Amino acid sequence: MNKLLRYSLQIFNYFIFVTIVWYFSIAPAYNHLEPGYAVIALAFGHAGQPVKECVRRTPEELAKLPPNMRNPIVCPRQRSPIEVEIIMDDQPMLQETFQPQGFSGDWGVDVYRQFKVPSGPHHLKMRLKDSVRVKDFNYVHEAKVALKSAQLLVIDFQPNEGGFIIK
């Protein structure tokens, strides 16, 4: 009799567990994004330009140094902060400055931002400045996009490929 009670309670517990899992797999309606909206994601990793230019040491300076430290060119480790602006339909969507990571400020930054926007045609203007030695933004890209409902538009940044890339 003890085994029968134990097995029936075990079956009852499994039934309750399976019923709860089944209910939560179909019952609560979840909408990731409302109809009529799309998502723009800015995602990239980039290291800013060095804060100062490399300096060539004179022969006299090199002679004063120990032999294992006689590097003729000295470059600063610190990187410039990265300024990013995204303007959609003449309205600023993002204006942010990202500081370089690392103990000496010599690493790059990883950026990921998401924006929920109405679907339809839009005009995007993207600007990035990665050097404190330059006065204005050194990467500028403008594009017209037509976003469908529930579409994901990814903006990447590749300096070797000219700057911003829309995927």
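The values are calculated or read from the model by the stated rules, or taken from the named source; none is laboratory data. Every value quoted in this text rests on a predicted model; they were computed, and no experiment measured them. Cβ sites come from the backbone with ideal geometry, for glycine too, and all protein chains shown count toward neighbours.
Scanning the range 80-94 for residues that are touching a residue at least 12 places away in the same chain (Cβ under 8 Å) and of a type in the set (S, T, N, Q) yields one hit, Ser80.
Any residue in the range 10-29 that is in contact with a Pro (Cβ under 7 Å, 6 or more places away or on another chain) and in a loop (DSSP other than H, G, I, E, B)? No: the range 10-29 contains no residue that is in contact with a Pro (Cβ under 7 Å, 6 or more places away or on another chain) and in a loop (DSSP other than H, G, I, E, B). When Gly120, Gly102 are screened for being on the phi > 0 side of the Ramachandran plot and free of Cβ contacts under 8 Å to residues at least 24 places away in the same chain, only Gly102 passes. Screening Glu96, Glu61 for residues that are in the same structural domain as Leu147 (by TED's automatic domain parsing) and surrounded by 11 or more Cβ atoms within 10 Å (Cβ to Cβ) leaves exactly one candidate, Glu96. Pairs meeting the criteria (first residue in the range 148-167 and on the phi < 0 side of the Ramachandran plot, second residue of a type in the set (Ser, Thr, Tyr) and surrounded by 12 or more Cβ atoms within 10 Å (Cβ to Cβ), beta carbons under 6 Å, at least 6 apart or on different chains) are Lys148/Ser119; Ser149/Ser119. Answer with yes or no whether Gly48 is under 18 Å from the mean Cα position of the chain (by Cα) and not acidic (Asp, Glu). So Gly48 fits the description; yes.
When Asn68 is tested against the conditions (1) farther than 20 Å from Ala143 by Cβ; (2) assigned by TED's automatic domain parsing to the domain that holds Val140; (3) not in a loop (DSSP other than H, G, I, E, B), the lone failure is (2).
Against the conditions (1) within 36 Å of the chain's Cα centre (by Cα); (2) surrounded by 10 or more Cβ atoms within 10 Å (Cβ to Cβ); (3) not aliphatic (A, V, I, L, M), Thr19 satisfies every one except (1). Within the range 9-33, the residues that satisfy the criterion of being modelled with pLDDT of 90 or more and not hydrophobic (A, V, I, L, M, F, W, C) are Gln10, Asn13, Tyr14, Thr19, Tyr23. Go through the residues of the range 55-76 one by one and say whether even a single one is under 23 Å from Ile165 (Cβ atoms) and not aromatic (Phe, Trp, Tyr). Within the range 55-76 (the criterion being under 23 Å from Ile165 (Cβ atoms) and not aromatic (Phe, Trp, Tyr)), the answer is no, since none of the residues qualifies.
Candidates are the residues of the range 103-150 that are of a type in the set (D, E, K, R) and part of a strand (DSSP E or B); the one that is nearest to Cys75 (Cα to Cα) is Lys129.
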